[in-house]
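**Q** A single structure is presented below for examination.
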Amino acid sequence: MSQIANRDFKLDAGRLVIVSNRLPISINQVDDGEWEISPSSGGLVTALTPVLRDSGGIWLGWPGKLDSGNLDELLAKGSKGTGYSLRSVILTEEDINLYYFGFSNEVLWPLFHDLQSRCNFNPSYWQSYQQVNSKFAEAILHNSNHDDYIWVQDYHLMLVAKSLLAMGEERSMGFFSHIPFPSPDIFNKLPWRLQILKALLDYDMIGFQTMRDRNNFVHCAEMLIKGVQADTRRQISTVSLQGHETKVGVFPISIDFHDFSVAAAETTVKNRASELSNALPNCKIILGVDRLDYSKGIPEKLHAFEYALKRYESLHGRVTLIQIIVPSRVDIPEYVNLKSEIEGLVSRINGKYAQAGWIPVNYMFRNLDRAELLAYYRAAHIALVTPLKDGMNLVAKEYCAANTDREGILILSEFAGAAAQLHRNALMVNPYDTEGVANTIYHAYQMPEKERQLRMKRLRGSIARRDIYWWVNLFLRTSETMEISDLSKSGLN
Ligand code: GDG
């Protein structure tokens, strides 16, 4: 299987140092006041673990809000058995408010998702963003040496390479952007656009999720920075400024396909999926799983579902939308308003269309455990993944991986990064087109088994070939010495 072949990467020399806003751990205070720590178990952590372990690597980030005198001891416990160590960057309450909630989530997040009217360009956020990026650079300086490869994750930390250089230090550094990169028209609105672009060019390599993002970045650099030279003729572009060359490539992130597929096939998950289906007799399940975020297009999805019920009476009593929303950033007023808007829409739809024995929208606002999530994926006839803009969207890939009986249909927004890879076999929609999404729901509802199976088989094949291990290997290999000819063999094009 290709996913096994994807697991064989080793760094040539030095250690791998992963840097992210949060450490991959969860910390809870138990009844007696003691802190309990456990490693997180996402696909990214699983895929990075072998390379981190083989190189004796380090993961560096903010441990979260905790008040423990024994942080080092706690972190040693948290990484026990993983083969790598955890190092903390301590952030104050003010850092979190200004750098994280402020600059990262009220400036960069909305702007990079093309939602500039939601931005709050508060200058004190920018000050804090610079200071916190310097804190991360200092932590890298103290915890790494010249042979190490430093891989920085995501939009919270775009200035880290620059901050390190300002300290007179150099490291080999790569950056991966999990979120989209906007077009020049939108990026230009950022008051600190030049500083951010130039700082990104201090990395040796930058990875984006899609060609769209990479092209946007290169266009922004060419338009805004005097003296920049870009070469985009090859799979991996280069952007040079004042003698420093940055490789810029496309590395679509993925999931541990094999693991999802095997876990979804377990008897307990299968039985739970049957229970969920049996609880809704004669009904096809349409599933939405989204973090509470305005970029995910949840109200737009509900409008489209409502429109489908209005236009196609034959759907009444025959489909149920199960919408799972994972609580997120609930300290930000915009997210609280979004939650109220969603709840208002759910109650309007149910108030209008519910009949004895049938509720059109089943709404959950909570975290499900993994087995329960897999059971929902398995039970769903249709997944409705309609972000207004998304770096990738892993839910789309997870749904397919869990669909071991190949019966399901993926309806996917053309503005999700995943669309670049999955558009041929998913049903593609424009999430702003209420009528179009409603028609696609009806089309999916009626799709014959043979077509469903063929589409799902192809979706699964393409996700299995380019799983999370493929992603880690491709990024790290490219950052070392990989030649362009090798890249085409790796299936990026
Ligand atoms: C950012 C980018 C990019 C969801 N509900 C539950 C649950 N989840 C898990 C899913 C999935 C993850 O959360 C959501 O990932 P997404 O990719 O959909 O979205 P973001 O959180 O916005 O992630 C995104 C990603 O980074 C990676 O680069 O794809 O575009 O925005 O893995 O499974 N997990 C559990 N219970 C739930 O109820 N256990």
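**Q** Which value in nm describes the separation of the simple spin-label points at Gln29 and His142, placed 7 Å from the Cα toward the beta carbon?
**A** 2.4 nm
**Q** Work out the P(r) tail for the chain: percent of alpha carbon pairs separated by more than 28 Å, whole number.
**A** Roughly 55 percent, once rounded to a whole number.
**Q** Structure shown: which of Lys284/Lys457; Lys80/Lys247; Lys80/Lys270; Lys284/Lys389; Lys310/Lys457; Lys189/Lys339 lie over 30 Å apart, alpha-carbon to alpha-carbon?
**A** Lys80/Lys247; Lys80/Lys270; Lys310/Lys457
**Q** Between His443 and Asp114, what is the FRET efficiency for a Förster distance of 22 Å, r being their Cβ-Cβ separation, to the nearest 0.05?
**A** 0.20
**Q** OK, next. Work out how much length Ala13 to Asp54 would gain on full extension: take 0.36 nm times their residue separation and subtract the Cα-Cα distance, in nm to one decimal.
**A** Full extension from Ala13 to Asp54 adds 13.7 nm.
**Q** Then there's this: Return the distance in nm (one decimal) between the two label points of a simple spin-label model at Glu93 and Glu170, each offset 7 Å from Cα along Cα→Cβ.
**A** 4.3 nm
**Q** Still on this structure: Could you tell me what percent of the accessible area of segment 257-465 is made up of carbon and sulfur, with a 1.4 Å probe and every protein chain present?
**A** Answer for segment 257-465: carbon and sulfur cover 48 percent of the accessible area.
**Q** Name the residues of segment 314-357 whose amide N is less than 16 Å from a point 7 angstrom out from the Cα of Ala279 along the C-beta direction?
**A** Under 16 Å, as judged by backbone N against the label point of Ala279, lie 320-325, 357 of segment 314-357.
**Q** What residues have an amide H closer than 5 Å to that of Ser26, excluding those fewer than 5 places away on the same chain, when H is modeled at 1.01 Å from N in the peptide plane?
**A** Placed amide hydrogens put Ser38, Ser40 under 5 Å from Ser26.
**Q** Relative contact order, percent, of the chain when contacts are C-alpha pairs under 8 Å separated by at least 6 residues?
**A** Across the chain, relative contact order equals 14 percent.
**Q** While we're on this one: Taking the simple approach of a point 7 Å from Cα along Cα-to-Cβ for both Arg424 and Glu245, what is their distance in nm?
**A** 3.3 nm
**Q** Please give the FRET efficiency for Lys450 paired with Ser40, using the beta carbon to beta carbon distance and R0 = 35 Å, rounded to the nearest 0.05.
**A** Step by step, r from the Cβ atoms, then E = 0.30.
**Q** If a/c stays under 1.5 just call it rounded; otherwise compare a/b with b/c (prolate if a/b is bigger, oblate if not). Do that for segment 257-465, with a ≥ b ≥ c from the square roots of the Cα gyration tensor eigenvalues.
**A** Cα axes put segment 257-465 in the rounded bin.
**Q** Right, here's the next one. Dipole size in debye (nearest 20) for the chain around its Cα centre, Lys and Arg Cβ +1, Asp and Glu Cβ -1?
**A** Its charge dipole is roughly 1640 debye.
**Q** Based on the Cβ-Cβ distance of Leu224 and Ser124, what FRET efficiency does E = 1/(1 + (r/R0)^6) give at R0 = 35 Å, to the nearest 0.05?
**A** My answer for the efficiency is 0.90.
**Q** Moving on. As a test question: what accessible area, to the nearest 10 Å², does Thr404 have when a 1.4 Å probe is rolled over all protein chains in place?
**A** 30 Å²
**Q** Quick check for you: with a 1.4 Å probe and neighbouring chains kept, what is the accessible area per residue of the chain, in Å²?
**A** 42 Å²
**Q** Report the accessible area of Cys119, computed with a 1.4 Å probe over the heavy atoms of all protein chains in place, in Å² rounded to the nearest 10.
**A** 30 Å²
The values are calculated or read from the model by the stated rules, or taken from the named source; none is laboratory data. This one's a predicted model, so the numbers in the text were calculated from it and none came from an experiment. No Cβ is skipped: glycine too gets one built from the backbone with ideal geometry, and neighbour counts run over all protein chains shown. Accessible surface areas use protein heavy atoms only, side chains included; no ligands, DNA or RNA. Shrake-Rupley method; radii C 1.70, N 1.55, O 1.52, S 1.80 Å.
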